[in-house]
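Shown next, in structure tokens, is the structure this report addresses.
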Amino acid sequence: QIPVAIVNNQNEKMNVDAVELDNSKLGRVMAKHLLELGHRKVAYIAPPLTARQKQRSKRVEGFLKEYEKAGLRDQVIIKAAKEEIDLDVAHIDSEYKIGYELTKELLNETTDVTAIVGLNDMIAFGVMDALHEAKIKVPADVSVMGCDNTLFARMHNMNLTTIEHFVTFKGRDACDIIMKKIASHMETAPISTYHVEYEPQLIVRGTTTYAKNSRKKKN
């Protein structure tokens, strides 16, 4: 009897009001962009991929499916933070640190990736700082991509290629649905189940370009 709207967690169609995002599709959009630029050996850096945070895993799964279609599944390195990180109270720089520390770890393990994806923009900023510290140029040496299209991603010095999935609009729609449900309880209007789905949109900026090998072919 209490109006509820679920946001951003599309797993299966449930009989509940929802403002949805297909996180698997979002991951595929990211992968297609990098594949079109010729990036074959890539890394994906994420927070803990736990059952409680299915939207994270869905993004990674979508990304992997696209690389699998291209016959390159074994060329994707997944680096996810340890589960205990989710047990701590998140600080504003928590995800930045994940991107920074896991990128440093990645660079100690391999030097042949041509692109690194952060599950979100804050992770991508950490990735970029770790690359800068290692004197690796973005995007000339390694392309970097994030997700969320945060304010910082749009700043000139960041200029981050990312995915827009309309966070503000989804919050507004969820509020509208709840207000409609509250009003319908006061009237004799029919009860409806609302499903609103947003399409992820690629925002290409200055941190992705053709992989080095592909750049030679293009020229």
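The values are calculated or read from the model by the stated rules, or taken from the named source; none is laboratory data. Note that the structure is predicted; figures quoted are calculated from it, not measured. Reconstructed Cβ throughout: ideal geometry from the backbone, glycine too, with neighbour counts over all protein chains shown. Quick note on the areas: whole protein, heavy atoms, side chains included, nothing else; ligands and nucleic acids left out. Shrake-Rupley method; radii C 1.70, N 1.55, O 1.52, S 1.80 Å.
Take the conditions surrounded by 13 or more Cβ atoms within 10 Å (Cβ to Cβ) and over 15 Å from the mean Cα position of the chain (by Cα) and apply them to ASN159. Does it pass? Against the criterion (surrounded by 13 or more Cβ atoms within 10 Å (Cβ to Cβ) and over 15 Å from the mean Cα position of the chain (by Cα)), ASN159 qualifies. Among the residues of the stretch 104-113, some residue qualifies, meaning at least one is at pLDDT 95 or above, basic (Lys, Arg) and open to solvent by 20 Å² or more (accessible area, probe 1.4 Å). Residue-level analysis places LEU49 outside the set of residues that are in contact with a Lys or Arg (Cβ under 8 Å, 6 or more places away or on another chain), under 25 Å from PRO200 (Cα atoms) and assigned to a helix (DSSP H, G or I).
Conditions tested, residue by residue: (1) surrounded by 17 or more Cβ atoms within 10 Å (Cβ to Cβ); (2) under 27 Å from ASP112 (Cα atoms).
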| position | (1), (2) |
| --- | --- |
| GLU20 | yes, no |
| LEU35 | yes, yes |
| LYS58 | yes, yes |
| ASP74 | no, yes |
| ILE78 | no, yes |
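Rundown of residues vs (1) assigned to a helix (DSSP H, G or I); (2) open to solvent by 50 Å² or more (accessible area, probe 1.4 Å); (3) in contact with a strand residue (DSSP E or B) (Cβ under 7 Å, 6 or more places away or on another chain), yes/no style:
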site: ARG28; (1), (2), (3): yes, yes, no
site: ALA43; (1), (2), (3): no, no, yes
site: GLN53; (1), (2), (3): yes, no, no
site: GLY62; (1), (2), (3): yes, no, no
site: TYR67; (1), (2), (3): yes, no, yes
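Scanning the stretch 30-78 for residues that are of a type in the set (Val, Ile, Thr) and without any contact (Cβ under 8 Å) to a residue 40 or more places away in the chain turns up THR50, VAL76, ILE77, ILE78. Just one of the listed residues (LYS170, LYS180) is surrounded by 14 or more Cβ atoms within 10 Å (Cβ to Cβ), of a type outside the set (Ser, Thr, Tyr), at pLDDT below 95 and within 22 Å of the chain's Cα centre (by Cα), and it is LYS170. Among the residues in the stretch 117-132, are any over 23 Å from VAL204 (Cα atoms), surrounded by fewer than 21 Cβ atoms within 10 Å (Cβ to Cβ) and at pLDDT 95 or above? No: the stretch 117-132 contains no residue that is over 23 Å from VAL204 (Cα atoms), surrounded by fewer than 21 Cβ atoms within 10 Å (Cβ to Cβ) and at pLDDT 95 or above. Would you check if there is a residue in the stretch 6-26 being in contact (Cβ under 8 Å) with a residue 60 or more places away in the chain and in a helix (DSSP H, G or I)? The answer is yes; a qualifying residue exists.
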